[in-house]
Amino acid sequence: MRKITSAILLCAAVAPGLAQANECGEVSITEMNWASASVVTNVAKFIMEQGYGCDVSVVPSDTVPAVTSVAENGEPDIVTELWLNSAGEAYTRLEEEGKIERLGKVLTPGGVEGWWIPTYLVEAHPELKTIEGIMANPELVESRFNNCPDGWGCRIVNDNLIKALDLEASGIEVFNHGSGETLASSMASAVGSKEPWFGYYWGPTVPLGKFDMTRVDLGEYDEAAHSANQNQDNDNPKISDFPAAPVLTSVTTAFRDQEPEVAEMLSEMTFETDVMSQVLAWKSDNNASAEEAAVYFLSNNSNTWKDWLNDSAREKLAAILSN
C-alpha cells in the first residue's frame, strides 16, 4: 500500500490535463503542527490541486498564530483543523467582524477525550464499562489510573474529576505521567500484553487508531461542571463527562466569495474521528509522510470523499486514484 500511495502521488504530479492549472487561482492553507492536521491539510491540498486546479501553498502554523494572521493580514485563506476551544475570543471576534466564516466540522463528532480501558477488559468484565463499576473493582484495572502530565489542560480537568469522584478512596492510585510519550507507551505496553489499563486519552491519535479501546461511562455531560473543572482552583469540583470538542474548517470571507466551489467542497469535507485515528495508525506503522497518508485515506474512502466534490472534480480524482 505504501508503494501504491507513492505511485499515485507521482501520477498526480505528472498527469497532464486532469486539472487545468490556476482554474481557481492561488490558495493558502494552514498546516497545524500535529499529525491529524497534517493529514487533513494534505487531503484538502490534493483535492484542490487535482480536482479544482488550485495553486496551493501550505502555511505551517498553530491555532493562535493562524487566527492572528487572519486578523492582521487577511490570510491564510483556509484555516483547517481549528480547535474552537483553543482559538479563544480572537476567533469569535473575527467571525463577528465578518472576516472569517466557519464552513463546518472537519472532525465528526470532533476531538474526543475521555477515560478508557481496553475492550478485551470490558468483554471479560462488563461491569467496567462505567466508572462506578471500576471503582467497585479496582483490582481489575490494577488499581491504577494513568493521568496526564503536569501542565496539560486535561490534567486540571482530570484532577478535579478525581476529587469529585473521590477516586483514590476506592483504592485506585493516580499515576501522573511525566510526558505524553510515557502515557502512550503505558497503553501500548499493557495492550500488547493483554493486561489491564485505565486512564485518560484523546483522539484522533495513533494509539486510539491502533488499539481497540472502550470509553468509560463517566455519567452525563454537565456543561457548567465541565467548565468549572477546567479551573485548577475549583473548590467544588463535580462529575461530568467530556464533551466532543468542535474542530472546524474556516475560511476568510474574501476567499469564500472568490472561490465559492472550493469553499463548498471544504464545507462538506469531514472526517470521522475514529477513521482519522486509523489513518494516523497506518501512517505510524508505515513511517509514511502526511502526503502519503492523505492518499491512503483517499484511496480507501472514496464513498466518503466523493460526496464532498462537484461532478467535475470527482471525475478528475477518480481518474488519478484508480491508476
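Which one of V79, V70, V106 is crowded, with 21+ Cβ neighbours inside 10 Å, in contact (Cβ under 8 Å) with a residue 24 or more places away in the chain and closer than 30 Å to W197 by Cβ?
Result: V106 is the single residue among V79, V70, V106 that is crowded, with 21+ Cβ neighbours inside 10 Å, in contact (Cβ under 8 Å) with a residue 24 or more places away in the chain and closer than 30 Å to W197 by Cβ.
Could you look through segment 201-221, keep only residues that are within 16 Å of the chain's Cα centre (by Cα) and hydroxyl-bearing (S, T, Y), and pick out the one that is nearest to D159 (Cα to Cα)?
Y201
Tell me whether segment 253-268 contains one or more residues that are crowded, with 21+ Cβ neighbours inside 10 Å, outside the structural domain of L84 (by TED's automatic domain parsing) and closer than 24 Å to K306 by Cα.
So far as segment 253-268 goes, no, none of its residues is crowded, with 21+ Cβ neighbours inside 10 Å, outside the structural domain of L84 (by TED's automatic domain parsing) and closer than 24 Å to K306 by Cα.
Within segment 150-164, track down each residue that is surrounded by fewer than 21 Cβ atoms within 10 Å (Cβ to Cβ) and in a helix (DSSP H, G or I).
Those that are surrounded by fewer than 21 Cβ atoms within 10 Å (Cβ to Cβ) and in a helix (DSSP H, G or I): G153, C154, R155, I156, D159, I162, K163, A164.
Just checking: which of the strands (runs of 3 or more DSSP E) contained wholly in segment 78-149 hold 3 or more residues that are under 19 Å from E31 (Cα atoms)?
78-83, 100-105
Can you tell me which condition A19 does not meet? The list is (1) modelled with pLDDT of 95 or more; (2) not in a helix (DSSP H, G or I), and all the others hold.
So A19 meets the others, but not (1).
So, in segment 225-255, how many residues would count as being touching a Leu at 6+ places or on another chain (Cβ under 8 Å) and in a helix (DSSP H, G or I)?
1
Please identify the pairs in which a residue from segment 32-45 that is closer than 13 Å to L107 by Cα and among the hydroxyl-bearing types (S, T, Y) has its Cβ atom under 7 Å from the Cβ atom of a residue that is in a loop (DSSP other than H, G, I, E, B) and modelled with pLDDT of 95 or more, counting only partners at least 6 apart or on another chain.
Once the first residue is closer than 13 Å to L107 by Cα and among the hydroxyl-bearing types (S, T, Y) and sits in segment 32-45, its partners that are in a loop (DSSP other than H, G, I, E, B) and modelled with pLDDT of 95 or more give S36/P204.
Of all residues in segment 174-190, count the ones that are under 23 Å from the mean Cα position of the chain (by Cα), outside any loop (DSSP other than H, G, I, E, B) and surrounded by fewer than 20 Cβ atoms within 10 Å (Cβ to Cβ).
Qualifying residue count for the region: 7.
The values are calculated or read from the model by the stated rules, or taken from the named source; none is laboratory data. All values derive from a computational prediction rather than experimental measurement. With ideal geometry, Cβ positions are generated from the backbone for all residues, glycine too; neighbour counts draw on all protein chains shown.
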